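The values are calculated or read from the model by the stated rules, or taken from the named source; none is laboratory data. Owing to the predicted nature of the structure, the values given are computational and were not obtained by experimental measurement. Here the Cβ positions follow ideal geometry from the backbone for every residue, glycine too, while neighbour counts run over all protein chains shown.
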Amino acid sequence: MEIAVLRAGAFSTVQDGGRRGYRASGVPLAGAADPFALRVANLLVGNPEDAAGLEIVLDGPDLYFPEACTVAVGGAEFAGVPAWRPWTVPAGTRVLFGQCLRGYYAYLAVRGGLAVEPVLGSRSTYVRGGWGGWDGRPLHEGDRLPVGLPEGGARADPAPALFVAPSILPPYSESPVVRAIAGAQAAELDPLTATAFKISPKSDRMGLRLLGSPILRRQGGDLRSSAVSPGSVQVPPDGQPIVLLAEAQTLGGYPLAAHVISVDLPLVAQLRPGQTLRFQDIELAEAQRLLVRRERDLALLRSGLRSHWGGGP
Amino acid sequence: MPIKKPRLTVAPLGDQALVVTLGSAPDPATLQRVQALASALQRAKIPGLLDVVPAYATVTVFYDPAKTLGPEAVPYERMSRAVLRCAAAARVSARRLPRPLLLDRLVEIPVCYGGEFGPDLEEVARHAGLSAGEVISRHSRIEYTVLAIGFVPGFPYLGGLPERLRMPRRATPRPFVPAGSVGIGGDQTGVYPLAIPGGWNLIGRTPSTLFRSGDSPPALLRMGDRVKFRAITGEEFAVWK
């Protein structure tokens, strides 16, 4: 089956769990900007968590399903589209993403996954390089997205009647407090926690640019570039920090003030230009305890859904 | 929190990565240790290890904290111990340098210098107090070393640029640098694998392809490779393409 794109939306791209193992060649991780939302949406339709889905930004698409297919949407919430629960789109109908009510990035998971050709082990789109995903670019009107076959089932298998418990979801907010562990140059820089920051419109999947009282570097010499990661908070000489996201470059040479912890990165990814965030310090051991606990929660959700969808581990 | 060993420091990079620093500068001995540690880690099959990134005097290890194994309570401590154990087995902090695990490679990159391909060649020459021809012969005489690959897929940061040719990057980056452009930025030289904005001084262009997403590995160069540029004419460039 192919999903027909009647209207593409602002910047709809095919994304999955990201490209691993090629950072030494300078290849960014990429994948979903809010990987948690894509993982949960995939689990809801019985897909592997890192299956490819459609990342939708603010202005959503209008899609035509020639055959019935079970889908789920996670992340940003759109008018006319149920969030965080699976539902079956009947054959020959349209799914129209209305106004974006909350958040910035939504993920449409389709049972069977989007079956574009993997590039370097991933189906995610790398728009800068012009490869991966659907033809290395955001969707256009008239594109036809291939949907794969689910293992041991059919695309239209009826969805279980369930919602995701709100307690498992990140506490998405328009002005979140985001926990971060200290970066390598934290002691040389003004503290990040003193004031709130506004999201600049110059933000994208590579990183969120923050606007606020400048964070100045009080000491320290030249830095050689070394690896950075989604969540790293860089401070360029103008003092306006950048929180790196999924498509961040692999190396950076700016001072590192902090790293947003993995469980809070979805809160940052879902912010729109003009919204605000504050940072709060946290210890590495606590951050990793929270991450391991979240993985345990996801494992519970996975095993709960397995009783419905069946399938392998 | 950093765990110290002679010449070797481990520190966290967020909650899913750690950085091993093997020296204060990317001198040849340090680069050899960085390469040795990176390839040892890639072979070691450490539970939870996801990716290894050598750059200058560091090796960064990306890992999944939920999949690390060991008696320590904190995943970072488990991964640090596994990485240090691997470093000890590869003898990266031994006094005698570890034996190179990778084949020593010399890659030749043809470059058509100046003209429309190298709009900053004259400025680099002025800055160096040399003629354009002398800049070309000095730039193409040296054997460079790949200190890191990054910024964008396949971009090599090359060390070894003669002091005379060093030049700060442009105050205002160009919004569009064509793929294959060869540039000078500070004490390094490099090649843009794809068309992107960039601030290095452009002195020429190569017809070689530095990155192919269909190849494995996708980048022409890897950290530690030696690189030599060879001056070619505009006709040779056209034939190559």
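Below is a table of values for the structure above.
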| item | result |
| --- | --- |
| Any hit, segment A:205-212, residues being over 20 Å from the mean Cα position of the chain (by Cα), away from chain B (no Cβ under 14 Å), part of a loop (DSSP other than H, G, I, E, B) and small (Gly, Ala, Ser) | yes |
| Filtered residues of segment A:139-166 (kept if surrounded by 13 or more Cβ atoms within 10 Å (Cβ to Cβ) and under 14 Å from A:Asn47 (Cα atoms)) | A:Val147, A:Gly148, A:Leu149, A:Pro150, A:Glu151, A:Gly153, A:Ala154, A:Arg155, A:Ala156, A:Asp157, A:Ala159, A:Pro160 |
| Pick from segment A:264-294, criterion outside any helix (DSSP H, G or I) and within 14 Å of chain B (Cβ to nearest Cβ), ranking: nearest to A:Asp59 (Cα to Cα) | A:Phe279 |
| Some residue of segment A:35-55 being without any contact (Cβ under 8 Å) to a residue 24 or more places away in the chain and either within 25 Å of A:Pro171 (Cα to Cα) or assigned by TED's automatic domain parsing to the domain that holds A:Val116 (or both) | no |
| Condition met for A:Ser232 (among the hydroxyl-bearing types (Ser, Thr, Tyr) and surrounded by 20 or more Cβ atoms within 10 Å (Cβ to Cβ)) | yes |
| Filter result (touching a residue at least 60 places away in the same chain (Cβ under 8 Å) and not basic (Lys, Arg)) within segment A:75-90 | A:Gly75, A:Ala76, A:Trp84, A:Pro86, A:Trp87, A:Thr88 |
| Qualifying residue in segment B:105-122 (condition: over 16 Å from the mean Cα position of the chain (by Cα) and modelled with pLDDT under 95) | no |
| Count of segment B:51-84 residues which are hydroxyl-bearing (Ser, Thr, Tyr) and under 12 Å from B:Val34 (Cβ atoms) | 3 |
| All positions within segment B:46-68 that are within 13 Å of chain A (Cβ to nearest Cβ), over 14 Å from A:Tyr22 (Cα atoms) and surrounded by fewer than 20 Cβ atoms within 10 Å (Cβ to Cβ) | B:Gly48, B:Asp64, B:Ala66, B:Lys67 |
| B:Gly129 vs. criteria modelled with pLDDT of 95 or more, loosely packed, with under 14 Cβ neighbours inside 10 Å and in contact with a helix residue (DSSP H, G or I) (Cβ under 9 Å, 6 or more places away or on another chain) | yes |
| Top-ranked residue of segment B:187-241 - restricted to ones that are aromatic (Phe, Trp, Tyr) and surrounded by 15 or more Cβ atoms within 10 Å (Cβ to Cβ), ranked as farthest from the other protein chains (Cβ to nearest Cβ) | B:Phe237 |
| Residues of segment A:1-55 satisfying the condition of being farther than 13 Å from A:Leu108 by Cβ and not in a loop (DSSP other than H, G, I, E, B) | A:Glu2, A:Ala4, A:Leu6, A:Arg7, A:Arg23, A:Ala24, A:Ser25, A:Pro35, A:Phe36, A:Arg39, A:Leu43 |
